[in-house]
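The values are calculated or read from the model by the stated rules, or taken from the named source; none is laboratory data. Remember, it's a predicted structure, so these values are computed and weren't measured experimentally. For neighbour counting, all protein chains shown are included, and Cβ atoms are generated from backbone atoms with ideal geometry for every residue, glycine included.
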Amino acid sequence: MHDPRTQLLHGQWFRQLPVTVQDSLLALGRPRELAAGQRLFQRGDAPCGLYAVLEGAMRVGAVSSAGKEALLTLVESPHWFGEISLFDGQPRTHDAYAEGPTRLLWIPQAPLLEWLARQPEYWRDLALLMSHKLRWVFVALEQQSLLAAAPRVAQRLLQMAEGYGERDVAQWRLQVSQEQLALMLSLSRQTINQILRSLEQAGVVRLGYGEVEIVDASRLRAMGQHPG
């Protein structure tokens with residue numbers, strides 16, 4: 001297995017932690033491997049700890065009683081997730097499934113809380129992880145309210161490429177389907193298809209099977225700033 005520290009250091013949150021905190025988290029961590037479609041946890045489950053994606057992606061969302069899916073995001077390396085239930089001890093708020101074969105680092109809840117009880121000053125570092133995501137949620141809500149469909153798609157593609165501000169190097173080839181984009185942005189698949197085809201014709205993106213490659217990030221960024 002590859003050294004998880006090397007992969008996690010590509011993420012800003014983990015890289016900025018004191019080395020002693022990095023060492024402690026890695027020492028508490030256990031490997032988890034999931035097959036495509038395998039459930040990690042679902043809404044209402046008891047807290048089970050903190051996770052980091054090392055390889056693959058996790059699909060985080062929820063399904064209504066009528067079977068309608070809300071896809072919040074695809075969590076990829078080197079992102080951490082699961083910290084909300086660490087703070088409040090409440091059940092999981094959403095479902096998490098492996099999008100494909102996925103490798104995780106799992107920090108179980110009980111030993112993590114024991115470590116924090118001995119080192120309470122490190123709660124702030126965990127709070128920074130949660131506050132970064134809360135800040136992004138506010139941005140997403142603003143975009144949902146103020147931007148037309150095409151600028152919202154442009155913004156989301158850039159956010160995914162840049163790891164929502166977490167990844168140190170942008171990943172311009174995105175493994176995301178049109179259906180997934182539609183679910184994340186609450187748009188129809190037809191609307192997503194029309195927008196992506198228009199972006200492809202303009203030379204801004206290149207479309208493949210289940211992927212979108214950003215070939216002109218500056219033009220895509222300019223499109224994302226236009227309210228529509």
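Here are the numbers for the structure shown:
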read-out: Single condition Gln143 does not satisfy, out of (1) in a helix (DSSP H, G or I); (2) more than 24 Å from Gly11 (Cβ to Cβ); value: (2)
read-out: Out of Leu72, Leu9, Leu50, sole residue that is surrounded by 19 or more Cβ atoms within 10 Å (Cβ to Cβ) and not basic (Lys, Arg); value: Leu50
read-out: The stretch 34-70, subset touching a Leu at 6+ places or on another chain (Cβ under 9 Å) and at pLDDT below 90, residue nearest to Ser186 (Cα to Cα); value: Ala70
read-out: The stretch 46-85, residues that are touching a residue at least 60 places away in the same chain (Cβ under 8 Å) and either under 14 Å from Trp106 (Cα atoms) or in the same structural domain as Ala170 (by TED's automatic domain parsing) (or both); value: Pro47, Cys48, Gly49, Leu50, Ser77, Pro78, His79, Trp80
read-out: Residue under evaluation Gln175, criteria (1) at pLDDT below 95; (2) more than 14 Å from the chain's Cα centre (by Cα); (3) among the polar types (S, T, N, Q); (4) closer than 29 Å to Lys68 by Cα, criterion not met; value: (2)
read-out: Close pairs from the stretch 143-169: first closer than 14 Å to Leu199 by Cβ, partner in a helix (DSSP H, G or I) and among the β-branched types (Val, Ile, Thr), Cβ under 7 Å, at least 6 apart; value: Ala149/Thr191; Ala149/Ile195; Ala150/Ile195; Val153/Ile192; Val153/Ile195
read-out: Top-ranked residue of the stretch 96-131 - restricted to ones that are outside any helix (DSSP H, G or I) and of a type in the set (D, E, K, R), ranked as modelled with the highest pLDDT; value: Arg103
read-out: Pair list, Cβ < 7 Å and 6+ apart or interchain, from the stretch 12-38 residues that are buried (at least 17 other Cβ atoms within 10 Å of the Cβ) to residues that are assigned to a loop (DSSP other than H, G, I, E, B); value: Trp13/Glu166; Phe14/Pro78
read-out: Within the stretch 13-60, tally of residues that are in a strand (DSSP E or B) and either of a type in the set (S, T, N, Q) or on the phi > 0 side of the Ramachandran plot (or both); value: 1
